[in-house]
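Student: Sharing a structure below in C-alpha cells format, with a few things to ask.
The values are calculated or read from the model by the stated rules, or taken from the named source; none is laboratory data. Note that the structure is predicted; figures quoted are calculated from it, not measured. FYI the Cβ positions are ideal-geometry reconstructions off the backbone, even for glycines, and counts take in every protein chain you see. We work out accessible area using only protein heavy atoms, side chains counted, and drop any ligands, DNA or RNA first. Shrake-Rupley method; radii C 1.70, N 1.55, O 1.52, S 1.80 Å.
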Amino acid sequence: MKFKRVCFFLPSAHRDGAELSALECMEALQALGMQCHVVLPQKGPLIDELKARQLPYKLIPYKVWIEPPAPVWKSLLVTLWNLGMTYVATLLVGRWQCDLVITNTINICVGALVAKLRGLPHIWYLREFGFEDHGWRFHLGEKPSLWIMNRLSVLCLAVSRAVAQKYQAGMTPSKVHHVYQPIEVDLTPRSQVVLEPAGAIMAGGGWRSGLLQLFGDIGS
C-alpha cells in the first residue's frame, strides 16, 4: 500500500457515532503504519481522544454544505466561505505531506475540494441519506452536489446497502461500496440479552480487512 499519510476531515469535534467510527478507522490505519492527521471545524470533546492517540489535528472553521432548507443568500455565503477555507486547508494538507484525503459524512465538502487541488485521491464516507432521514438539502441542490461528489472521489463508502443504493442512483455505481460498521457486545454469562443475526453486521476483523482491501485497491 503506497499511502503513508492520511488526512481526515470531520464534520465536528463531538463524540458522536460518525466521529467515533472515524476514530476507529484511524486506529486501524495506524496499526498498518500509516500516519493519520485530522482537520476539525471547531473544538470539542473529540480532541481529548485525538490527543490520547497522539493524532495531530488542526482547527479550520469550515461549514456544512447540507442542512435543513436555508435561504439562497445563506447558501451562497456559506459556499463562498467554504471556498476560502478550502485554500487554508490545502496549504495545511500540503504541509502535512498527506497522500490520501478522507471526508467523514456527507455534511462537509472542503476535504474533497482540497484533494482535487492537491491532486490526491479522495474517499467519502456516506453515513446519511440526507433528506430522507434528516430533512437536509444541499446548498447547491442534490443533482449538482452528487455530481461534485462523484467527480471528486475515487471511492465512496456507505454504512449500509440502502445508503449505497441511494447514492449509486446519482453517482458512478462502481464507486459506491457498502461497508458495515462493527459492534462490540458483552456476552458474559451475566448478560441476559438475546442476540439474533442481523445479516448486516460484520465482526470487527471482517470490517477492517474489507476496508483495508478497498484502500489497497486505490493505492495500487
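Student: In region 107-127, what residues are farther than 20 Å from residue 87 by Cα and open to solvent by less than 20 Å² (accessible area, probe 1.4 Å)?
Tutor: 125, 126
Student: Here's another thing I want to ask about it. Using beta carbons and a limit of 6 Å, which pairs, at least six apart or on different chains, have the first residue in region 45-57 and farther than 13 Å from residue 16 by Cα and the second one among the hydroxyl-bearing types (Ser, Thr, Tyr) and open to solvent by less than 70 Å² (accessible area, probe 1.4 Å)?
Tutor: 50/57
Student: Within region 62-102, take every residue that is in a strand (DSSP E or B) and in contact with a Pro (Cβ under 9 Å, 6 or more places away or on another chain) and give me the one that is surrounded by the fewest Cβ atoms within 10 Å (Cβ to Cβ).
Tutor: Out of the qualifying residues, it is 100.
Student: Here is a follow-up. When region 26-59 is examined, which residues are found to be surrounded by 15 or more Cβ atoms within 10 Å (Cβ to Cβ) and either in a strand (DSSP E or B) or in contact with a Ser or Thr (Cβ under 9 Å, 6 or more places away or on another chain) (or both)?
Tutor: Hits for region 26-59 are 35, 36, 37, 38, 39, 40, 41, 44, 46, 57, 58.
Student: Can you tell me which residues in region 52-65 are at pLDDT 95 or above and not hydrophobic (A, V, I, L, M, F, W, C)?
Tutor: Once the filter is applied, which keeps residues that are at pLDDT 95 or above and not hydrophobic (A, V, I, L, M, F, W, C), region 52-65 yields 56, 57, 58, 61, 62, 63.
Student: Another question, if that's okay. Looking at region 149-169, which of the residues that are in a loop (DSSP other than H, G, I, E, B) and at pLDDT 90 or above is surrounded by the fewest Cβ atoms within 10 Å (Cβ to Cβ)?
Tutor: 169
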